[in-house]
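S.K.: One structure, as structure tokens, below. Some questions next.
The values are calculated or read from the model by the stated rules, or taken from the named source; none is laboratory data. Note that this is a predicted model, so its numbers are computed, not measured. Here Cβ is always computed from backbone atoms with ideal geometry, including for glycine, and neighbour counts include all displayed protein chains.
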Amino acid sequence: MGRLAELARGTPASSPPDTPEVCELCGAPLPDEHRHLLERASRRLVCACRPCALLFDRDGAGADRFAAIPQRRLRLDAFVLDDATWDALRIPVDTAFFFAHGELGRPVAFYPGPMGATESRLELDAWRALAAANPVLDDLAPDVEALLVDRARGHWLVPIDDCYALVGLIRTSWRGLSGGREVWERIDGFFTQLDRRTTTGRRP
């Protein structure tokens, strides 16, 4: 399993942190920035080199065993989400991500914390109202793209591996009850970098 998935799920690392990562399909060495695939049956993230990732960019490729994680990132500056709707979604914290779960046939919500990614019981009527107010949510690719919300910073459409990167960052950096200064600085850095990688703003 790739380190990103291990960090997000709270599982022990399978190799020392200084061990070079390799493509889990062909064994080629990987740079720090590389693409991921979603293995549908296990729902785990798989590290992939660019040529292997491109093989799965088309629907139905590889008998649907893997799905390539898209690379588009959109900052949704006109996204409509007020306090009442947030409360109705039943998210107990100010940062969460939402995606369409292909196997379950419904949206799901998770929020990052010191123990990893925690699923929140999503109020589906509230989600339907949110989707009606923000048609961009209809564009989310099931399982591999997510709505990332930080109530203080904004709203984004992102690849699902960005969400797990944030989960891993928080899980590994959290100290004590409040998290400590380092984790909050790293969270700020994550969102700053996310905005730099965002290709375009888009109205929902």
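S.K.: Please work out which residue is surrounded by the fewest Cβ atoms within 10 Å (Cβ to Cβ), limiting yourself to the range 134-163 and to residues that are assigned to a helix (DSSP H, G or I) and touching a Leu at 6+ places or on another chain (Cβ under 8 Å).
M.R.: If we take residues in the range 134-163 being assigned to a helix (DSSP H, G or I) and touching a Leu at 6+ places or on another chain (Cβ under 8 Å), then 139 is surrounded by the fewest Cβ atoms within 10 Å (Cβ to Cβ).
S.K.: Give the residues of the range 115-130 that are buried (at least 16 other Cβ atoms within 10 Å of the Cβ) and either of a type in the set (Ser, Thr, Tyr) or free of Cβ contacts under 8 Å to residues at least 12 places away in the same chain (or both), sorted by residue number.
M.R.: Result: 120, single match.
S.K.: Just checking, which of 80, 93 is at pLDDT 95 or above, part of a loop (DSSP other than H, G, I, E, B) and not basic (Lys, Arg)?
M.R.: On the way: 93 fails: at pLDDT 95 or above.
80 is the lone residue from the list that is at pLDDT 95 or above, part of a loop (DSSP other than H, G, I, E, B) and not basic (Lys, Arg).
S.K.: I need the full set of residues from the range 175-193 which are modelled with pLDDT of 95 or more and part of a loop (DSSP other than H, G, I, E, B), in order please.
M.R.: none
S.K.: Name the pairs whose Cβ atoms lie under 6 Å apart, with the first residue in the range 89-110 and touching a residue at least 12 places away in the same chain (Cβ under 8 Å), the second exposed (fewer than 12 other Cβ atoms within 10 Å of the Cβ), and 6 or more positions between them or separate chains?
M.R.: 90/121; 110/119
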